[in-house]
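To start, the structure itself, in structure tokens.
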Amino acid sequence: MPPAPPPILRCDACFKEIANDDIFCAHCGYPIKGTKVEQSAFITKQNKIDFYKSGINKRTRERINKAGNTLFWLAGLFFLSATISFFVLKDNPEVLAVVIPYLVLGIVFLILGDYSKKKTLACFISGLCLYIIVQAIDLVQNPRLNLYSFLIMAIIITFLILGIKSAVEIEKIKKENNLS
């Protein structure tokens, strides 16, 4: 009976056939004879590359862009509110007390929208906290709250909470794919 053929060796990363004396996989570069740390680092790097090439990344980027766009829309809303408030209250000596907070919110939300591409969750949590703090201060200074103001606040808070939800999903996808 002839001797059994040697088993076919396969790369742990790409599963292509490799030779017994290979140090690296000729197909993907996996360090076959490397340390566990080197092998793990290679797999992590490959996962990142695969992630960026995959549809998951496309969906994630779309979610990040939508989230950032929400912050940009809110910045625009604050700038619009500042402009309207200025023209409505232009004869009021306290016009700047109303306009400046809206302008500051608009600027901060522009910055958060831009930075949300890197730290989506942190930007939305920061935006929500900032908005709630500013509204709470405004309520203390001006306790009159009409239905229209309450509705606008509820819509803005809802958008921020939905942004947080999307950001949590993005973080979950990144964690599942071993991405930082």
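Please report the carbon-and-sulfur percent of the accessible area for the chain; probe 1.4 Å, protein heavy atoms only, DNA, RNA and ligands left out.
Of all accessible area on the chain, carbon and sulfur atoms account for 65 percent.
Which stretch or stretches of the stretch 131-166 have amide N atoms under 20 Å from the point lying 7 Å from residue 73's Cα along the Cα→Cβ direction?
The answer is 131-132, 148-166, whose backbone nitrogens lie closer than 20 Å to the label point.
Kindly provide the trypsin sites (Lys or Arg not before Pro) of the stretch 56-106 that DSSP labels as loop, not H, G, I, E or B, and whose Cβ sees at most 10 other Cβ atoms within 10 Å.
Hits after loop and neighbour filter: 90.
How much length, in nm to one decimal, is gained on full extension between residue 148 and residue 111, taken as 0.36 nm per residue of separation minus their Cα-Cα distance?
Stretched out fully, the residue 148 to residue 111 stretch lengthens by 10.6 nm.
Classify the stretch 61-176 from the C-alpha gyration tensor, please: rounded if a/c falls under 1.5, else prolate or oblate depending on whether a/b exceeds b/c.
Prolate, because a/c is 1.5 or more and a/b exceeds b/c.
Skip the ligands, DNA and RNA, and give the accessible area per residue of the stretch 61-176 with a 1.4 Å probe, whole Å².
On a per-residue basis, 66 Å².
Over the stretch 61-176, what is the relative contact order in whole percent, taking alpha-carbon pairs under 8 Å and six or more residues apart?
34
Would you calculate the separation in nanometres between label points at residue 8 and residue 92, each defined as 7 Å from the Cα along the Cα-to-beta-carbon direction?
Rounded to a tenth, the inter-label distance reads 7.8 nm.
For 30, 115, 148, 102, what's the largest-to-smallest order of accessible area, 1.4 Å probe?
Most to least solvent-accessible, the answer reads 148, 115, 102, 30.
Just to confirm my understanding: which cysteines in the chain have no other cysteine beta carbon less than 4.7 Å from their beta carbon?
Flagged as lacking a Cys partner: 123, 129.
The values are calculated or read from the model by the stated rules, or taken from the named source; none is laboratory data. For clarity, every value in this text was computed on a predicted model and none was experimentally measured. Note that we place each Cβ from the backbone using ideal geometry, even for glycine, and neighbour counts take in every protein chain shown. Note: areas computed on protein heavy atoms with side chains; ligands, DNA, RNA excluded. Shrake-Rupley method; radii C 1.70, N 1.55, O 1.52, S 1.80 Å.
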